[in-house]
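A short write-up of the structure that comes next.
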Amino acid sequence: MMTSPLLRPSLHHFRSLRLLGTAAPRTLAVERLAVAPSQGFAPDALPVALTFEDPSAFRVKSFGELLRALGVFQLCSVPVLVNNCGKLMSVARTLLGKRGFALFLRPSVYAQFVAGESEGEITRSMEKMSSLGLRPMLAVPIEEDLGESTGERRYDDNLASMLECVSMSHSNAWSKDPMMQLKITALLSPELCVKLTTLLSEQQYDLDLLVRAMDGETSANKVRVLVDAEYTYMNPALSLITMAMMKKFNQDGAWIWNTYQCYLKESRSLLLEDVRLSISESFCLGVKLVRGAYMDKERKLAKNEGWSEPVHESWEHTNDSYNGSLDILLELISRDPQRYRIIVATHNEESVRRAVQRMGELGIDKDGGSVCFGQLLGMCDHVSLTLAQQGYLVYKSVPYGSVDNTLPYLVRRAQENRTVLQGIRKERDLLRLELHRRLRQGFRQGSKG
């Protein structure tokens, strides 16, 4: 049975990673994975609903929810507000005070993107989501980057929060086949991850050494843990830890998942290396496939350091990378759905339609569990709700916590995803159409009365 593997082992085991030696060679060369090429993308072969043009998907939302979403999306479509949201919120908090600022934010941005603070609020939000055919993927809004560490006590507190998230995910009726997200930098200092990444570039490692370091017992709480990728200067360390957890905990299913950022030029080769590793080490592979959110910072860092730019040159190249990796995973799943799983984590409608089409071509069950879709809470609901209505498995990434605790997380997500936020015109238009339909319907009913 499995778990919250995170994390029964105590943190000192992770801190000892810098001591990993050269007991066995790091063998990362991967043989070419032969996959059948896609038979071409033919949107006409898909259900009409998957054009995502029908505002009726929003009929499940209340009038107030429609107004709130329209207002928030209108703000999010203004670049100057998104780019400076951290500073603007800091000024607003100073002017309004902590209580006044919370009263201002709670019914607007907070309510749109956060499930709540207390377990009761979270449960009500999740029960409503479940009634719409959506599944929650809880996200504890804590993370760190270089220079942000606040001491070892914080990591112990973060660990307690993560285990509480595991318990909440597993113990509630609204959580079927529960998932949660994990940022390893919430549990290990970014500085340590960077040091380990440097060490890995200079020395060989033995994956079994790290597996043996994780000597804690597993629990009976079956929660799928999706480990987020972060910045390229620490990702090799994060991947090493994730692969070790996979080898330890993924013997009977994909409980630990790794994230692949398809805006990186190396993403396809990293995915294929991990497919090969999962085969040679006999564990199941869970994949969270994303385009990625750190593009601007990666490019700036590469320029400042004189490194080769790790990010694809264009949006088209990133799309090709995403769709190619998607095809590889779907082909593998069609051969062995118990060994491989994927969450198609994207707001891109074309990629969603491509996944649906390939699933049909390859005979992959839409509700079999091997393929699911993921979007952020409060965004892309026209895609999420339509997919759920068509019988596909859909998860929403759900942060929770107080206004003070979630604000840094929301600001960082807004700045990382500003191209997505500024491109929500279609969802805004569909919300406006549904709002107009409600108003017309109300006027007609009023005139009859």
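Here's how it looks for Y395: its modeled amide H is under 5 Å from those of R135, F373, G374, Q375, which are all 5 or more places away or on a different chain. Among residues other than R438 with Cβ under 12 Å from its Cβ, the summed charge is +4 (Lys and Arg +1, Asp and Glu -1). Net charge in the neighbourhood of T232 (other residues with Cβ under 9 Å of its Cβ; Lys, Arg +1, Asp, Glu -1) is -3. The phi-based Karplus calculation (6.51 cos²θ - 1.76 cosθ + 1.60; θ = phi - 60°) puts the 3J(HN,Hα) values of the range 339-354 at 8, 10, 9, 9, 10, 7, 8, 7, 9, 7, 5, 5, 5, 4, 5, 4 Hz, whole numbers, x for Gly and Pro. Our coupling estimate for the range 113-119, obtained by passing each phi through the Karplus curve with A = 6.51, B = -1.76, C = 1.60 and θ = phi - 60°, is 10, 10, 6, x, 10, 7, 4 Hz, Gly and Pro reported as x.
Our coupling estimate for the range 255-263, obtained by passing each phi through the Karplus curve with A = 6.51, B = -1.76, C = 1.60 and θ = phi - 60°, is 9, 9, 10, 10, 9, 10, 9, 6, 7 Hz, Gly and Pro reported as x. Label-to-label distance, W307 versus T198, with points set 7 angstrom from Cα along the beta-carbon direction: 1.3 nm.
Restricting everything to alpha-carbon atoms, can you work out Rg to Rh for the range 193-338 with a Kirkwood hydrodynamic radius?
Working: Rg = 15.9 Å, Rh = 16.3 Å.
On the Cα set of the range 193-338, Rg over Rh gives 0.98.
Which whole-angstrom value gives the distance between the alpha carbon centres of the range 218-273 and the range 91-131? The two parts, judged by their Cα centres, are 31 Å apart. Ordering S108, S314, S125 from the fewest to the most neighbouring beta carbons within 10 Å gives S314, S108, S125. In the calculated pair-distance distribution of the range 308-449, the portion above 20 angstrom amounts to 61 percent of the Cα-Cα pairs. Here the residues T198, T259, ranked from fewest to most Cβ neighbours within 10 Å of their Cβ, fall in the order T198, T259.
Taking other C-beta atoms within 10 angstrom as a stand-in for reagent exposure, H317, H436, H347 fall in the order H436, H317, H347, fewest first.
Spacing of the modelled spin labels on D336 and E127, each 7 Å from Cα toward Cβ, amounts to 4.3 nm. Farthest toward the positive end of the dipole of the range 68-141, out of S130, L81, F113, is the Cα of L81, where the dipole comes from beta carbon charges about the Cα centre.
Overall dimensions of the range 158-211, expressed as equivalent-ellipsoid semi-axes from the Cα gyration tensor (√(5λ), whole Å, largest first), are 32, 14, 8.
Quote to one decimal, in nm, the extra length available between R154 and K297 on full extension: 0.36 nm per residue of separation minus the C-alpha distance between them. Mind dumping the intermediate values first?
Details: separation 143, 0.36 × 143 = 51.48 nm, distance 2.55 nm.
Stretched fully, the R154-K297 segment lengthens by 48.9 nm.
Compactness ratio for the range 347-418: Cα radius of gyration over 2.2 N^0.38 Å (N = residue count) comes to 1.32.
We did not get these values from a lab; they are worked out from the coordinates using the rules stated. The structure presented is a predicted model; accordingly, all values stated were derived computationally and were not measured. Every residue, glycine as well, gets a Cβ built from its backbone with ideal geometry; the counts of neighbours run over all protein chains shown.
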